[in-house]
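Bear in mind that the values in this text are calculations on the coordinates, not laboratory data. Note that the coordinates shown come from a computational prediction; the quantities given were computed from them, not determined experimentally. All Cβ positions, even for glycine, are placed from backbone atoms using ideal geometry, and neighbour counts span all protein chains on display.
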Amino acid sequence: MSTTTARGVAKSPAAEGTPPVPRRRGVRGRTLNFWLFTGPFLTGLVIFVYVPIGWSAYLSFFDARYTVTPSEFIGFDNYTYMLTNDKFVESLVTFTVFAALVVPVTWALSLGLALLVNRIRFMQAFFRSVFFLPTAVSFVAASLIWKMSVFSGVRFGLANTVLGWFGVENIAWLADPNPPWYWLVIVTVRLWLQSGFYMILFLAALQNIPPELYEAAAIDGAKPGWQTFRYVTLPQLRATSTAVILLLLVAAYQAFDEFFNLLAKTTWGRPPLVELYYTALGENQDYGAGSAGAMILTLLICVVTLLQGRLMGFGRGEETK
Amino acid sequence: MRTRRTTTGSTGLYLATGIAAFLFLVPFYLIVRNALSTDAEITGENWKFFPTDIQWGNFTELFDDPTVPFGQSLWNSAVVGVLHTLGTLLVCSLAGYGLARIPYRHANKIFYAVLVTLMVPTAVTFVPSFVLVSSLGWVSTLRGLVIPGLFSGFTCFLFRQYFLGFPRELEEAARVDGLGYWGAYWRIVVPNSLNFFAAIATITFISGWNAFLWPLVIGQDQQAWTVQVALSSYMTNQTVNFHLIFMATAVSILPLVFVFLFLQRWLVQGVAQTGIKG
């Protein structure tokens with residue numbers, strides 16, 4: 001009963017279309033409330049996101065070894081040091097190779113799994129759970145399984161055991177960069193951990209495709225299978241595909257855990273964040289150079305995100321919601 | 001003709017799905033097998049599919065091992081995980097609501113200031129964050145592990161988007177009952193959004209439990225290690241005890257398997273929510 005009355009009052013012309021504003025409170029009351037709600041978050045955001053970035057920008061122009069309150073201004077020396085530093089440049093190459101491998105492979109596998117699970121009728125929930133389960137596992141735990149068991153370079157590693165049944169010699173998966181088998185290890189870890197996550201996104205999108213489209217395509221003579229997939233399913237998944245590729249790329253850019261753990265003590269296969277870790281927190285504790293590196297990476301990712309958003313029309317993909 | 005096609009088609013379908021599922025389960029099998037074997041069996045000449053004698057004693061041995069404070073690290077992870085989740089939900093949901101619903105002159109500018117932080121992944125700024133946190137004297141402390149991670153622009157953004165779609169009628173009813181923004185939020189909005197909160201909580205907890213880079217940077221002191229840092233230390237130890245390492249892995253994954261089994265509905269929902277990230 002009271003609800004009906006409430007609705008009636010709320011629909012008075014003055015309240016129409018305006019946000020629910022408590023009576024007897026003016027602009028000042030609203031401003032106060034706004035800060036009450038957002039204040040704690042914004043304070044934290046300034047202290048723990050904006051201040052560090054600002055401080056880091058400051059440090060990047062100083063000789064800041066073993067100290068975070070340096071006094072010697074050195075201009076762009078840290079930047080030129082990082083950009084001419086073979087290791088840092090190499091880490092950017094490592095990232096590029098990594099992204100070129102992991103992004104398309106994960107995209108294809110998660111889409112493939114989604115297509116399979118979507119078509120399956122029997123035990124669908126079971127299979128979906130199996131593919132999704134690794135999402136809960138950490139990169140550290142997965143790296144451990146891969147390094148100590150699946151791709152252990154010794155005789156009793158799983159891969160070497162299986163290859164041994166076919167008479168193949170033991171392979172040092174991680175300990176030898178020639179040939180670079182370590183990429184297989186690195187890429188499969190991430191594949192196992194992340195495919196389920198993206199499969200869920202693709203599944204949701206697949207279930208949103210109106211069935212009439214498939215009926216219409218069948219009437220128009222499209223053969224089930226590749227033709228239907230190519231001309232109906234794939235275009236309908238465009239927004240999700242774009243989002244997935246962007247997410248994969250940003251995630252690859254931040255790759256740290258598996259490289260750090262799988263390739264500890266090696267000099268190859270260091271992506272940018274691992275390189276920065278050793279620069280800033282390794283023997284030298286060079287916060288100046290580390291900060292300059294962080295600034296360069298931040299700038300790069302901003303440019304890439306913006307470019308990608310522009311090129312792929314991201315943001316227009318409202319259907320994914 | 002049509003039925004034959006579907007039968008062969010579905011045989012292939014189930015075969016492909018079955019093989020993929022088998023491959024996805026192999027790592028889990030390896031954890032269980034190794035965690036319950038002796039080192040002699042793991043490293044033996046011939047592959048043993050299952051341990052001859054299941055070694056439940058590996059579990060207690062793990063917690064008695066003096067080289068790595070595994071029990072302590074497990075406790076740290078639990079505390080960090082819970083505080084991280086509760087704190088993030090509280091701070092980010094309030095901000096999301098404020099941005100979505102309370103009219104304020106500069107609200108748009110402030111929202112853009114939040115959005116900008118989405119372009120810079122927090123992992124990339126770990127050096128500056130460490131600089132700040134270390135000058136606050138928070139290295140190897142609980143505060144240092146939890147507080148810097150609470151202010152997620154992305155979570156705030158998700159809450160804002162969610163509250164924009166929250167039915168206004170409910171809040172209007174609350175307003176007629178004389179509640180201000182604060183009262184309406186706690187009595188009407190939150191109780192009617194528990195599904196969304198649960199979904200975000202599940203995702204936040206998992207990512208907190210699995211986080212590695214920040215706990216590694218902050219946990220300089222063994223007593224402040226989280227379970228991920230402890231696991232990582234096993235890989236660089238001089239002596240390798242396979243059965244202990246895999247028992248540790250199994251124990252570290254177990255809480256998440258429970259989360260997964262009992263909260264899967266919210267987890268899937270959470271993934272679908274976070275997947276819209278832009």
- Task: Kindly express, to the nearest 10 degrees and within the range 0 to 90, the angle between helix B:153-164's C-alpha long axis and the longest C-alpha principal axis of chain B.
- Result: 50 degrees
- Item | P(r), alpha carbons of the stretch A:157-235 - 10 Å bins starting at zero, rounded % | 15, 26, 18, 19, 18, 4
- Message: Return the Rg/Rh ratio of the stretch B:65-274 with Cα-based radii and a Kirkwood Rh.
- Response: 1.04
- Query: Considering chain A as a Gaussian network with a 10 Å cut-off on Cα pairs, which listed residue, A:54, A:167, A:293, attains the greatest mean-square fluctuation?
  - Reply: A:167
- Query: When chain B is modelled as a GNM with alpha-carbon springs shorter than 10 Å, which of B:167, B:215, B:69 fluctuates the most?
  - Reply: B:167
- Message: Per residue of the stretch A:151-161, what does 6.51 cos²θ - 1.76 cosθ + 1.60 with θ = phi - 60° give for ³J(HN,Hα)? Whole Hz please, x for Gly and Pro, Karplus curve as stated.
- Response: 10, 5, x, 7, 4, 8, x, 4, 4, 5, 4
- Message: For a test of understanding, tell me how many lysine pairs in the protein assembly as shown have Cα atoms under 27 Å apart, given they are 8 or more places apart or on different chains.
- Response: 7
- Task: Have a look at A:50, A:79, A:58 and tell me which one the Gaussian network model of chain A (Cα, springs below 10 Å) gives the largest fluctuation.
- Result: A:50
- Item | Over the stretch A:51-195: Kirkwood hydrodynamic radius from C-alpha pairwise inverse distances, Å | 19.2 Å
- Query: So what's the angle, to the nearest 10 degrees on a 0 to 90 scale, between helix B:70-101 and the longest Cα principal axis of chain B?
  - Reply: 20 degrees
- Per-residue average of other protein chain Cβ atoms inside 10 Å, peptide A:264-271 -> 1
- Note on the structure: Extend 7 Å from the Cα of residue A:308 along its Cα-to-C-beta direction; within the stretch A:223-258, residues with backbone N under 13 Å of that point are A:241-255
- Note on the structure: Longest principal axis of chain B (C-alpha) makes with the long axis of helix B:2-35 (C-alpha) an angle, in degrees to the nearest 10, of 80 degrees
- Task: With just the Cα atoms of the stretch B:2-59, tell me how far they stretch along each of the three principal axes, in Å, largest first.
- Result: 57, 24, 15
- Task: Summarise the long-distance tail of P(r) for the protein assembly as shown by giving the % of C-alpha pairs beyond 48 Å.
- Result: 18 percent
- From the backbone phi of the stretch B:169-186, what are the Karplus-calculated ³J(HN,Hα) couplings (6.51 cos²θ - 1.76 cosθ + 1.60, θ = phi - 60°) in whole Hz, Gly and Pro given as x? 4, 4, 5, 5, 4, 4, 5, 5, 6, x, 8, x, 4, 5, x, 4, 4, 7
- Query: Hey, what's the Kirkwood Rh for chain A if you take every pair of different alpha carbons, in angstrom?
  - Reply: 24.3 Å
